[in-house]
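The values are calculated or read from the model by the stated rules, or taken from the named source; none is laboratory data. Please read these numbers as outputs of a predicted model, since none were measured by experiment. For neighbour counting, all protein chains shown are included, and Cβ atoms are generated from backbone atoms with ideal geometry for every residue, glycine included.
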Amino acid sequence: MRIVFVTEQLQNGGAEREIAAFSNVFAEMGEEVHIICIQNVVSDYEIDQRVWLHRLSLTSRVNIPKLRVLFRWRNAVPQLRHLHADIILAVNLSFKYYPILRLAELFSRTKILFAVRNNLEKKYTSKTDRNRWMRAAHMADAIWIQTEAQRHFFPDQMQEKIFEVPNILDPRFLGIPKRERKEIRRIITVGRFHSQKNQKLLIESFARMLEKTGNRDATLTIYGQSMTWDGPVEEELKVLIQAHHLEERVFMPGRMQEIEKCYEQADAFLLSSDYEGLPNALMEAMAAGLPCISTDCLTGPSALITSGENGLLVPVGDVEAMSQALEFFVRHPQQAAEMGKAARKRMQAWKGREELAGKLLENLRRICG
């Protein structure tokens, strides 16, 4: 089967990580896999040598905007059609590229799959954008969701073409050695610097926790980096750290290549996102046995955490609630440690990479008839 993933880039994102993970397993299974990137083919994630990487050329010398778009389409469509794909999986793709996929599909056997990797209602706030992603989903032959909660984004008449396959968990995080945590000192979070991740909430909550407890030992480390299109979030976080005089307590060391070592050394994990799909970082932290606190986004965290049992969920954007949860961990490290153990058990029961890739492949074959 010839499977083609189309995305904008393979850097600094959970969706991009999952493209790499599923592509690698498909290649191991003997399937022919291609990844087409629109921006560049530089990957932050290991790609199997049997996976073909391409860059989709959208260049045009025409200066008239509408004609330039048509000439870009004229250049791009033959590249896609040349692959003779059985199915194209559009992952984390801007609306403007879906007409290109549709044109490539015409008069061919190729099927188009729309992959949902986030909370679409939060990611696309304007009515115009929501209508555009609904049209993109409507033109697709199938819709791939991560969690059952994502079904509610779509009307009844589209439910039949929806199927669910969650993220692959990298098994190396389950291999992180167990460690007894007698106190909560080293608190971490992992994620790119973007308004969606709302790291400001973490800093505000951490500062408030320090005031309440008088804690002199706790630190907060924010692992991640900014992409050029993410805006000035990193600089805003630095200003907030200075405003709270936390330069010696809150650290931003950048993106770590061996993030599993950071999980191993940490005592607790925080996720402060305003919205998510199914957060890989939270899955990894739970697999490492870390006590976790997460905002209760509409989709994602509640599929992983049962609050009070294997972690804590707090309302989105609520500084006081996050501060109280963090204070509970600091004051009751034994109970926090028990939640971390339960979190690890939850992820040990997660389906393996081969099983999840097999489930996705089964659906792709069904779609292709």
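Observations on the model:
- Restricting Glu234, Glu309, Glu247 to those that are in contact (Cβ under 8 Å) with a residue 40 or more places away in the chain and of a type in the set (D, E, K, R) reduces the list to Glu234.
- Segment 337-346, residues that are surrounded by fewer than 21 Cβ atoms within 10 Å (Cβ to Cβ), among the aliphatic types (A, V, I, L, M) and within 22 Å of the chain's Cα centre (by Cα): none
- Yes/no for Leu202 being touching a Ser or Thr at 6+ places or on another chain (Cβ under 6 Å) and either within 30 Å of Glu327 (Cα to Cα) or part of a strand (DSSP E or B) (or both): yes
- Tabulated pairs, segment 115-138, first in the same structural domain as Ile87 (by TED's automatic domain parsing) and closer than 19 Å to Gly300 by Cβ, second modelled with pLDDT of 90 or more and assigned to a helix (DSSP H, G or I), C-beta under 6 angstrom, 6+ apart or interchain: Val116/Gln150; Arg117/Ala15; Leu120/Phe153
- Residue match in segment 223-241 (condition: farther than 30 Å from Ala140 by Cα, more than 19 Å from the chain's Cα centre (by Cα) and of a type in the set (S, T, N, Q)): no
- Among the residues examined, Phe193 does not qualify as of a type in the set (Phe, Trp, Tyr) and at pLDDT 95 or above.
- Single residue of segment 92-124 satisfying the filter (of a type outside the set (D, E, K, R), crowded, with 21+ Cβ neighbours inside 10 Å and over 21 Å from Leu56 (Cα atoms)) that is modelled with the highest pLDDT: Val116
- Residues that are modelled with pLDDT of 95 or more and assigned to a helix (DSSP H, G or I) within segment 12-67 comprise Glu18, Ile19, Ala20, Ala21, Phe22, Ser23, Asn24, Val25, Phe26, Ala27, Glu28, listed in sequence order.
- Per the conditions (1) among the β-branched types (Val, Ile, Thr); (2) touching a helix residue (DSSP H, G or I) at 6+ places or on another chain (Cβ under 7 Å); (3) more than 19 Å from Asn12 (Cα to Cα), the sole criterion not satisfied by Ile222 is (3).
- Residues that are of a type in the set (A, V, I, L, M, F, W, C) and surrounded by fewer than 20 Cβ atoms within 10 Å (Cβ to Cβ) were ranked within segment 21-37; the one that is farthest from Val91 (Cα to Cα) is Met29.
- Within segment 205-218, if we keep just the residues that are in a loop (DSSP other than H, G, I, E, B) and at negative phi, the residue that is nearest to the chain's Cα centre (by Cα) turns out to be Ala218.
- Looking only at segment 1-20, and only at residues there that are polar (S, T, N, Q) and more than 12 Å from the chain's Cα centre (by Cα), the one that is surrounded by the most Cβ atoms within 10 Å (Cβ to Cβ): Thr7
- Residue check for Val77: more than 30 Å from Leu169 (Cβ to Cβ), β-branched (Val, Ile, Thr) and at pLDDT below 95: yes
- One residue stands out among those in segment 143-194 that are β-branched (Val, Ile, Thr) and in contact with a strand residue (DSSP E or B) (Cβ under 6 Å, 6 or more places away or on another chain): the one that is surrounded by the fewest Cβ atoms within 10 Å (Cβ to Cβ), which is Ile162.
- The one condition in (1) out of contact with any Lys or Arg (no Cβ under 8 Å at 6 or more places or on another chain); (2) aromatic (Phe, Trp, Tyr); (3) farther than 15 Å from Leu278 by Cα that Tyr124 fails to fulfil: (1)
- Meets criteria (more than 30 Å from Arg366 (Cα to Cα) and either among the β-branched types (Val, Ile, Thr) or out of contact with any Ser or Thr (no Cβ under 8 Å at 6 or more places or on another chain) (or both)) for Lys161: no
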